[in-house]
Structures are given as C-alpha cells and as structure tokens.
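The block underneath contains the structure these notes are about, expressed in structure tokens.
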Amino acid sequence: MIRMKLLNVYPIKKINKKIKKPTFAVNYVFPKRKFQKLEVISLVDNLIGGNIPAELENISTLKQLNLSYNRFSAGNIPPEIGNLTDLEVLWLTDCNLIGPIPNSLGRLSKLMDLDLAINKLTGSVPSSIAELTNVVQIELYNNSLTSELPAVGWLKMTALRLIDISINRFTGTVPEELCSLQLESLHLYENEFESKLPKIISNSSNLYELRLFGNRFSVAC
C-alpha cells in the first residue's frame, strides 16, 4: 500500500518517558564538514534539540533524510535543504517546524516521499511543489497551512499517488488538475474547502481512500 513508507527503517520504539535523558543538537552529531559517501541519515525518535542545521546541504550525496519525532527548537525548514538535489526521501514529521514551506524544496526533482506532517507550518503551499515530478506521496497533515491550493501545475506530478493535507486551514475549491491525477489516496478532511469536488475525480480508478469530512462542501460532486 502507498501508506507503507518508502524509507527502510526499523519500527519506531517509543521513548520511556520516565527516563530523563538530555537533549543534544544535531550539529553535534554532524559537524560542519562534508561527507563523501553518506546517503542515508535516520535519527528518528531521539532527543535531539536545537535547530535543523543548514549545513546539511554540504552532504551532497544524501538520498534519505529522516529527522522525525525529535525535540527540535521551534524553527523554519532550512531553505538550503533544497540544494540536496539527490534527495529521494525527506521526513521532518513532528519536528516543531514553524513558518512557510520554502520554495527551494521544488528543486528536489528526485524526491519521492515528502512528509512534513504534525508541525506548525503556516502560509500557503508554494507553487514550486509542482516541480516534484517524481514524488509519490506528500503528507502535510496537522499543520496550520492556509490559503488556496495552487490551481495549476499538478498535471506535471504524474507519479503522485497519495496526498494528505488534512487538519489544516485550506480554503477555496479543490483544484481540478489535482483530481485529474491517478491518485490512490486523497485526504482533505478538516479544512475549509468549499463548493464541490471536481467530477473528474470519478475517473480515478485506483482511488481507494477519499476523506473529505469537516469541510464546507455543498454538493457531493
């Protein structure tokens, strides 16, 4: 199933909350130097504090970056991550991220899996997201994203199969181009979408999940 993550990691084991351990900054783990062959960084579910360092851009060989479920200080997504042009997987789930999604992420042309869920991101989805032509799944749920989705550009994202933007503050109508894709899972629930879902969604023969509750739709289709 699409919900099975593309990144191969061991199952997450939750921290024993009764054991107090000091936090440490990711800069301590990855100082300001270049790695010549490093392709995967997975620091899931640790006690890492501080901010996500912009110096990660120096690891030009990086293909998978997973910093999810840590204790970062409130901070923006470093726009320098957009310089990691070989990146295929980017997971920053529950990293205490604030501010907008940087336009620079549109430069990640090889990206297949983008997960920025469970943060405090604000602003709109940048139009540069349409440049992620190899992305299979996008998860932005449980943030504070607003405004309307980009109306055009989605047709370039022919590999997209799952998009979850639920529990945000998106407004307006759902783009027809988005519904024209061969999606398998579409989660739009708990937003402020209006009017109706484009009828072309009925052509999505592989769609097995469609969650729309908690919006302002007035007509089913």
query = Amide H neighbours of residue 99 under 5 Å, counting only residues 5+ apart in sequence or on other chains, H built in-plane at 1.01 Å?
reply = 122
inquiry  = Using a 7 Å offset from the Cα along the Cα-to-Cβ direction at both residue 83 and residue 171, what is the distance between the two label points in nm, to one decimal?
reply    = 3.7 nm
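By its C-alpha gyration tensor, with a ≥ b ≥ c as the square roots of the eigenvalues, how is the range 83-221 shaped: rounded for a/c under 1.5, else prolate for a/b larger than b/c, else oblate?
On the way: a/c = 1.79, a/b = 1.27, b/c = 1.42.
Because a/c hits 1.5 or more and a/b fails to exceed b/c, the range 83-221 counts as oblate.
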query = Of all DSSP beta bridges in the range 73-221, what percent run antiparallel (nearest 5)?
reply = 0 percent
inquiry  = Can you compute the FRET efficiency between residue 60 and residue 103 using 1/(1 + (r/R0)^6), with r the Cβ-Cβ distance and R0 = 35 Å? Round to the nearest 0.05.
reply    = 0.95
task = Sticking with the crude label model, points 7 Å out along Cα→Cβ, report the distance from residue 76 to residue 158 in nm, one decimal please.
result = 3.5 nm
Other-chain or far-sequence residues with amide H under 5 Å of residue 147's (modelled H) = 171
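For residue 37 and residue 199 in the same chain, what is the full-extension length gain: residue separation times 0.36 nm, less their Cα-Cα distance, in nm? All intermediate terms of the calculation are to be shown ahead of the outcome.
Working: separation 162, 0.36 × 162 = 58.32 nm, distance 4.79 nm.
Stretched fully, the residue 37-residue 199 segment lengthens by 53.5 nm.
Mind checking the dipole of the range 98-176: about its Cα centre, +1 per Lys or Arg Cβ, -1 per Asp or Glu Cβ, Debye to the nearest 20?
Dipole of the range 98-176, to the nearest 20 debye: 140 debye.
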request  = For residue 208 and residue 133, compute 0.36 nm times the residue count separating them, minus their Cα-Cα distance, and round to one decimal in nm.
outcome  = 24.8 nm
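FYI, it's all coordinate maths here, none of it is from the lab. Note that the structure is a prediction, hence the values are computed from the model and not measured. Neighbour counts are summed over all protein chains in view; Cβ atoms, including those assigned to glycine, are modelled from backbone coordinates with ideal geometry.
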